[in-house]
Amino acid sequence: MYTSAQQRQFFERSKALLKTDIPSDQSLATAEVTELHELIEYHEWRYYVQNDPVLSDFEYDSLYKRLEKLEAQFPALLSPNSPTQRVSNDLTEDFPSVAHLIPMLSLANSYNAEDLQDFDTQIKKLTLLPEETDIEYCVEPKFDGGSIALVYENDQLMRGATRGNGVQGEEMTNNARAIRSIPLRANFNRRGIAKAELRGEVLIRKDIFKKINKAREAEGLSLFANPRNSATGGLRMKDPQEVARRGLEAFIYQLGYAVDGQNESQLSTFSTHDETIELLGELGFKIPEKERKVCKNITEVTEFCLDWERRREDYPYEIDGMVVKVNSLELQEKCGYTSHHPRWAIAYKFKAKQATSKLLNIDYQIGKIGSITPVAKLEPVQLAGVTVSSVSLHNEDFIQSKDIRLGDTVLVERAGDVIPYIVKPLEELRDGSEQVVEFPTHCPSCATPLEKSEGEAAWRCVNYHNCEAQVLQRMIFHVSKDAMDIDGFGKSYIERFYQQGWLRSLADIYRLDYAAIAELEGFGEKSAANLQRAIDKAKQNPIHRLLHSLSIHHLGKKVSKLIAGEVDHVLDLRDRTLEDFTNIKDVGPVVAENVIDFFAQESNVELLQEMEGLGVNMRQTEADRPQVVGENAPLLGKTILFTGTLQQMGRKEAQALAESAGAKNISAVSSNLNILVVGEKAGSKLKKAQALGSVEILTEAEFLTLMGKN
Ligand code: IVH
């Protein structure tokens, strides 16, 4: 339908227009209106027909609003064919088209608290209510799937249709029948309703979506980009059996039309939107329940929307915002409709999780054991409220399998707290200037040829001792919280001391000249003394920390502890065999080999001897002894989290105690948490746990009693 050159041009023109002011001159406005028609039609095709938009909703809306503004300013430019004069279109020729009983409109959008305030003010104007009135709203999630209209006559499901162009939809009754949450019969009669049309959204649960994609991958089929595509695609399948297999569900969010046997509207027998939804729930439809709230005014609406925006990732279905509806049906009627949307409702759109950006360059970062990680440098882009300009590309295979090229426009996603990632390049926007990525063959730091071992995804620089970048990374890791935990010592100090020529190996960390450090710009006696104190303290660390700090491939915190418990002195590990290691529960052969390799190298042994000479502890301590957790351990299999300030012991000590009783420490409140121990000044974690209702909440004293300590 569109050539690649056209698509590129439309995309670039859209982006450019978004950055310019709206023209005030008639002839410029005329040209722009014509162009906006074309651009908006293109983006609607990408969204509704291809299910694969290239602009964020916010950008699309901005273009749309720009056209609306121009049409308001120059009424002569308003034509009946303008995209503003009709709702969007997802009609194809695959299904028979049917007229909706009443048009299925779209929604106006809002993006922040201020927009919601403006909406509330507007409602009061439309309903002639005084400014200080509290308007009641019903707020529900804005489900991100495909919309459907269902017609029931004499309690039977007669017809299912997609939204289509809003006036006409595509008839897909057999597919609707295949969706189990859509009742084939519902007792509307009991409310005197002979014929009804309901509106809802067809969705697929996120976990089921993942399973389907996994199965498709195993069968070598193409993958769905997201749950929305898989739901809208599912609705349009030719074979209803296939529809059933997709696990589609339908949430009903509106009773659009309801008449009795004499064709008299029965909607007036309800007073609120909430009541209509409640009835539909009673009749057996799937409705928003816990996720629907009647709010007493716009302030409560705003809080509810913001709260949901924070929690959207925990919800099992994709939602892209909330829908705010005037609750009173009488007030709704007073507000009325535009040709595009009801004036009594507005969508509050969450900040976009996906956006497009240009891949400017690729940095190759060298890890602490020499693994090379390609990192995409992007034109900065806003994602879910954060500016993103740097995204990991993981390894060469990732780049090749997605065919990511330098200069590509790429789709980037950042969902909740998840690290941002590149979904795919937009191949249709290429102009031929993009370059295939040539993965380096030599280390960007020391020029040693890169190697890749069997079964590993990463290329590695094998110049372990002399690659500057690697050594730096190992030192940075060595002093970090997870490893030797040297307070106040971080990346910037390491880099600074490295530049001074003071740091070349891990051992150098323990022979720093504090008098010289005090002389450095920005340091002084006090910070040098603080650093010395922190380093002296770290020298006494239990050996499991030291082991972990050595950056042995795959050797994590947990296995370091298990291994530390087996020896009196770190260098005793030299004599251990593969069997010795794998006999320890939870120690696998791969990490065991790596430890053996490490201690087989004389240079490593010398390094440790050097460190011991500088005062670093190499002997097992109390903290290294394996904790035997008996079957009767009081917290066996439980997850636990400490919050607030504990009075009788430090956080770490309490965590170790809980661990010795069989518990697992976790770091966030979620439905996976069993026990929350609350110290003084506990804050949001306590609130969240209380809200969940499933978490056992203990005071510090109660916890200690449980541990047999009080
Ligand atoms: S009410 C006349 N409520 O959002 C009012 N729509 O741009 C029409 N949507 O495609 C919409 N969740 O399918 C409403 N709780 C909800 C919704 C919802 C999702 C979809 C709807 C339409 C789009 C509106």
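The values are calculated or read from the model by the stated rules, or taken from the named source; none is laboratory data. Only a predicted model underlies this, so the values are computations on that prediction, with no experimental measurement involved. Cβ placement follows ideal geometry from the backbone for every residue including glycine, while neighbour counts extend to all protein chains displayed. Each accessible area value is taken on the protein alone, full model and side chains, heavy atoms only, with ligands, DNA and RNA left out. Shrake-Rupley method; radii C 1.70, N 1.55, O 1.52, S 1.80 Å.
Listed values, structure above:
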{"quantity": "Pairs from LYS214/LYS585; LYS210/LYS368; LYS19/LYS402; LYS358/LYS402; LYS452/LYS664 whose Cα-Cα separation, in the structure shown, is over 25 Å", "calculated": "LYS214/LYS585; LYS210/LYS368; LYS19/LYS402; LYS452/LYS664"}
{"quantity": "Rounded if a/c under 1.5, otherwise prolate or oblate - the range 1-148, Cα gyration tensor axes", "calculated": "oblate"}
{"quantity": "Distance in nm between pseudo-label sites at ASP25 and ASP487 (7 Å out along the Cβ direction from Cα)", "calculated": "6.7 nm"}
{"quantity": "For ARG159, distant residues with modelled amide H under 5 Å away", "calculated": "VAL151"}
{"quantity": "Magnitude of the charge dipole, the range 570-710, Cβ model with Lys/Arg +1 and Asp/Glu -1, debye to 20", "calculated": "1060 debye"}
{"quantity": "Cα-Cα over 20 Å, subset of LYS557/LYS709; LYS558/LYS687; LYS537/LYS652; LYS652/LYS687; LYS15/LYS142; LYS290/LYS638", "calculated": "LYS557/LYS709; LYS558/LYS687; LYS652/LYS687; LYS15/LYS142; LYS290/LYS638"}
{"quantity": "Where trypsin sites (Lys or Arg not before Pro) fall in DSSP loop in the range 467-524, at most 16 other Cβ within 10 Å", "calculated": "LYS481, ARG504"}
{"quantity": "Label zone at THR577, where the point sits 7 Å out along the Cα-to-Cβ direction: the range 592-607 residues whose backbone N lies under 18 Å", "calculated": "592-597, 599-600"}
{"quantity": "The range 667-707-the range 243-270 distance, computed between alpha-carbon centres (Å)", "calculated": "43 Å"}
{"quantity": "Stokes-Einstein D for the range 350-478, Kirkwood Rh over Cα pairs, 37 °C, 0.692 mPa s (µm²/s)", "calculated": "209 µm²/s"}
{"quantity": "Among PHE11, LEU203, ALA376 - extreme Cα towards positive end, dipole of the chain, charges at beta-carbon", "calculated": "LEU203"}
{"quantity": "Helix-only [θ]222 nm of the chain, DSSP H runs n ≥ 4, -39500 (n - 2.57) each, per residue, nearest 500", "calculated": "-10500 deg cm²/dmol"}
{"quantity": "Area projected by the alpha carbon convex hull of the range 534-627, averaged over all directions, nm²", "calculated": "5.6 nm²"}
{"quantity": "Disulfide-incompatible cysteines by the Cβ rule (no partner under 4.7 Å) in the chain", "calculated": "CYS138, CYS295, CYS305, CYS335"}
{"quantity": "Alpha-carbon centroids, the range 406-477 and the range 540-560: separation in whole Å", "calculated": "26 Å"}
{"quantity": "Proximal lysines to LYS125, defined as alpha-carbon separation beneath 20 angstrom and excluding residues fewer than eight positions away on the same chain", "calculated": "LYS296, LYS325, LYS334"}
{"quantity": "Counted charge near HIS273, where neighbours are those whose Cβ lies closer than 13 Å (Asp, Glu -1; Lys, Arg +1)", "calculated": "-3"}
{"quantity": "Percentage of interatomic Cα-Cα distances in the range 61-194 larger than 22 Å", "calculated": "59 percent"}
{"quantity": "With all protein chains modelled, accessible area of GLU680 [1.4 Å, Å²]", "calculated": "100 Å²"}
{"quantity": "Cα gyration tensor, the range 274-340 - rounded (a/c under 1.5), prolate or oblate", "calculated": "oblate"}
{"quantity": "Exposure ranking of THR699, THR356 by accessible area [1.4 Å probe, largest first]", "calculated": "THR699, THR356"}
{"quantity": "Contour minus Cα-Cα distance for HIS554 and ASN297 (0.36 nm per residue)", "calculated": "87.1 nm"}
{"quantity": "Histogram of C-alpha separations across the chain, 10 Å bin width, %", "calculated": "2, 11, 17, 20, 18, 14, 11, 5, 1, 0"}
{"quantity": "Placed amide H near LYS424: partners under 5 Å, 5+ positions off or other chain", "calculated": "LEU411"}
{"quantity": "Cα-centre dipole for the chain with unit charges at Cβ (Lys and Arg positive, Asp and Glu negative), debye to 20", "calculated": "940 debye"}
{"quantity": "Sites GLU521 and HIS465, calculated FRET efficiency, Cβ-Cβ separation with R0 22 Å, nearest 0.05", "calculated": "0.10"}
{"quantity": "Three-way shape label, the range 298-373, alpha-carbon gyration tensor, a/c 1.5", "calculated": "prolate"}
{"quantity": "Heavy-atom accessible area per residue - the range 216-375, 1.4 Å, Å²", "calculated": "45 Å²"}
{"quantity": "Listed residue (LEU126, ILE40, SER453) projecting farthest to the positive dipole end of the chain, Cβ model", "calculated": "LEU126"}
{"quantity": "Span-like helix ranges in the chain, DSSP H, alpha carbon extent 15 angstrom or more, Kyte mean at least 0.5", "calculated": "589-600"}
{"quantity": "Pair SER453, ASP403: separation of 7 Å Cα→Cβ label points (nm)", "calculated": "3.4 nm"}
{"quantity": "Qualifying GluC sites (Glu not before Pro) for the range 494-574 [loop in DSSP, other Cβ within 10 Å: at most 14]", "calculated": "GLU521"}
{"quantity": "Candidate aspartates and glutamates - alpha carbon under 14 Å from LYS377, same-chain residues fewer than 8 apart omitted", "calculated": "ASP363, ASP408"}
{"quantity": "In the range 272-330, the chymotrypsin sites (Phe, Trp or Tyr not before Pro) that fall in loop regions by DSSP, at most 15 other Cβ within 10 Å", "calculated": "none"}
{"quantity": "Two-decimal Rg/Rh across the range 434-535, once Rg and the Kirkwood Rh are taken from alpha-carbon atoms", "calculated": "1.10"}
{"quantity": "Span from the the range 340-362 Cα centroid across to the the range 106-176 one, whole angstrom", "calculated": "18 Å"}
{"quantity": "Förster-model FRET efficiency, 25 Å R0, ALA691 and LYS124, C-beta, rounded to 0.05", "calculated": "0.20"}
{"quantity": "Ranking by accessible area, most exposed first, for ASP408, ASP260, ASP307, ASP482 with a 1.4 Å probe", "calculated": "ASP482, ASP307, ASP260, ASP408"}
